[in-house]
Each structure stands twice: as structure tokens, then as C-alpha cells.
Amino acid sequence: MEQAFLTFGLCLIGLGLLLLLGELFVTSGILLVLAIASLAVGVVFLFKYDTMIGIYGLVGLLVGLPTGGYLILRLLPGTPLSRLRGVPDEEEEDVAESIPNQRELLALKGRVGKALTALRPSGMVDFQGRRVDSITEGIMVEPGCWVRCIDVRGNVVVVRPADGPESFQLESTTLN
């Protein structure tokens, strides 16, 4: 009968690890609860078999799960849980660079332009002779008003009302 505790304990721990692996691909929470329950009952069965085997199993899980989880998230960046880290995938960065004129739009960040059309909240802005489709943060801007580019999201330039180009000349000037 004691051999059965060892066998059931190891099988439940293996099942728990498989359920944790499944949770990486299907983030539902149910698999996580089942995995934790399976691991806990598996460790209890190991303790029923032998106290030292139970301690080894518990320490192995406490060290192996965080280490293995870290390695899996680093090796599998496309899983739903790895997106919680906030680090963009290499594919997302490649897509941003493949958009035509993306570098030119990124160069507009921080520059001042003049609204050619009413921005309600989107419209056309002139940045040093270049007409660019822009959008505000929900603020209405009349034609002829000065705006400053605060962000570039994909192919969209986000602008905010500004005082004029004179107030921004000091920011770009270097003092000797």
C-alpha cells in the first residue's frame, strides 16, 4: 500500500505540472486551480509514503516551479501570460518598423506644427511643410492653432495644443 502513495503522488505532481503548462496557453484560471490542487495532493501523498521523500518533493517544487516558469516565459514569448510582462514581442517591433514612413513620423515627436483643418479630434496638421493626418487627445482645435506632437501610435500622430513655435525654440537650443 505504501508504494501506491509514491506512485499516486508522482502521478498527481506530473498531472499538476502538465496542467500548469496548459495554463500558459489557455489562460482560464480553472487549469491553475486544478494544477495547484493536484500538486498539493501529490506532495501530501509523498509525505504519506516517506517524510524525507515528501520534503524532497516539496523543496523540488518550491525551487523548480519558479525557475521553470521563468525559463518557459523567456523561451515562449508568445504565450498569453508572457504578455503580462509588458515587453513587446520582436514581431510587434518589426511590424512597427515595416509601416511606410514610420521613421519620419517618429521624428515628428516633440515638434510643433500648425493645424490646417479643424481637429475634432482628427484632422490635418502642417509640420514644416509636411501635411500629416493627426488626432488630438479628445480636445477640439481650430484651424491655424499651434499643436505639438506628443506621440506616434502606428500611422497616427497624436497632438496637443501649444502656445507656438517660439516657446519651444529654447528646448531644442543647446547652451554653450
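The values are calculated or read from the model by the stated rules, or taken from the named source; none is laboratory data. No experiment lies behind these values; they were computed from the predicted model shown. Using ideal geometry, Cβ is built from the backbone for each residue, glycine included, and neighbour counts are taken over all protein chains shown.
Worth a mention:
- Residue within the range 25-33 that is of a type in the set (Ser, Thr, Tyr) and within 26 Å of the chain's Cα centre (by Cα) present: yes
- The numbered conditions (1) of a type in the set (S, T, N, Q); (2) over 31 Å from the mean Cα position of the chain (by Cα); (3) at pLDDT 90 or above are all true for Gln128 except (3).
- Qualifying positions in the range 139-169 - of a type outside the set (D, E, K, R) and under 25 Å from the mean Cα position of the chain (by Cα): Cys149, Ile150, Val152, Gly154, Asn155, Val156, Val157, Val158, Val159
- Residues located in the range 121-132, provided they are more than 11 Å from Leu108 (Cα to Cα) and loosely packed, with under 13 Cβ neighbours inside 10 Å: Gly129, Arg131
- The range 32-62, subset in contact with a Gly (Cβ under 9 Å, 6 or more places away or on another chain) and not hydrophobic (A, V, I, L, M, F, W, C), residue surrounded by the fewest Cβ atoms within 10 Å (Cβ to Cβ): Lys48
- Taking the listed residues Arg83, Arg74, the one that is modelled with pLDDT under 90 and surrounded by 11 or more Cβ atoms within 10 Å (Cβ to Cβ) is Arg83, with no other qualifying.
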